[in-house]
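Scroll down for the structure; my scribbles are underneath it.
The values are calculated or read from the model by the stated rules, or taken from the named source; none is laboratory data. The model shown is predicted, which means the values in this text are computed figures rather than measured ones. Reconstructed Cβ throughout: ideal geometry from the backbone, glycine too, with neighbour counts over all protein chains shown.
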Amino acid sequence: MNTIQFIHSGWAYLVLIILVLATFNAIIKFFGDKEFDAKDFRISLFALITMHIQLLLGIVLFFTKDYFGTISEVGGMGEVMKNAALRSNIIEHPLTMIIAVVLITMGYSKHKKKLVSKPKFKVLAIFYTLALILVLAKIPWNQWF
């Protein structure tokens, strides 16, 4: 396993833990009518930062794995789409994770514009939950453990 793959896989554990923490923090505090404080801000920010670092690692990994060469070797995108493993690694996983990062970025950005706690937690809960669902759906579990 190359270094970038190792870092990307290892960092994913931290990303997942922080994303779960940030998501459940927002949900619990939204329903508990809690006040938004500096700790909540830091948790949501850390989720944003770890996801963006993971995205950068993933982009580097995508280009170092030479997936474009793989596409040519198997006979084009039509063949990639017929092969579940290749389709997942080359298309589904990267695209889904990019969407998850966009959702977290949008949620984080939108929450900062809210002036009171309940709407802040609501925005974070919605966007971070959607991102968490996507991340959990497209983690390559069979390669991860």
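A few notes on this one:
- Per the listing Gly58, Gly78, the residue uniquely over 13 Å from the mean Cα position of the chain (by Cα) and small (Gly, Ala, Ser) is Gly78.
- Helices (runs of 4 or more DSSP H) contained in segment 1-107 and holding at least 1 residues aromatic (Phe, Trp, Tyr) and without any contact (Cβ under 8 Å) to a residue 24 or more places away in the chain: 3-31, 38-64, 67-74
- Residues that are among the hydrophobic types (A, V, I, L, M, F, W, C), free of Cβ contacts under 8 Å to residues at least 12 places away in the same chain and over 11 Å from Leu19 (Cα atoms), drawn from segment 118-145: Trp141, Phe145
- Filter result (loosely packed, with under 15 Cβ neighbours inside 10 Å, on the phi < 0 side of the Ramachandran plot and modelled with pLDDT under 90) within segment 48-69: Phe63, Thr64, Phe68, Gly69
- Failed condition for Ile28, given (1) over 15 Å from the mean Cα position of the chain (by Cα); (2) over 21 Å from Leu136 (Cβ atoms); (3) surrounded by fewer than 20 Cβ atoms within 10 Å (Cβ to Cβ): (2)
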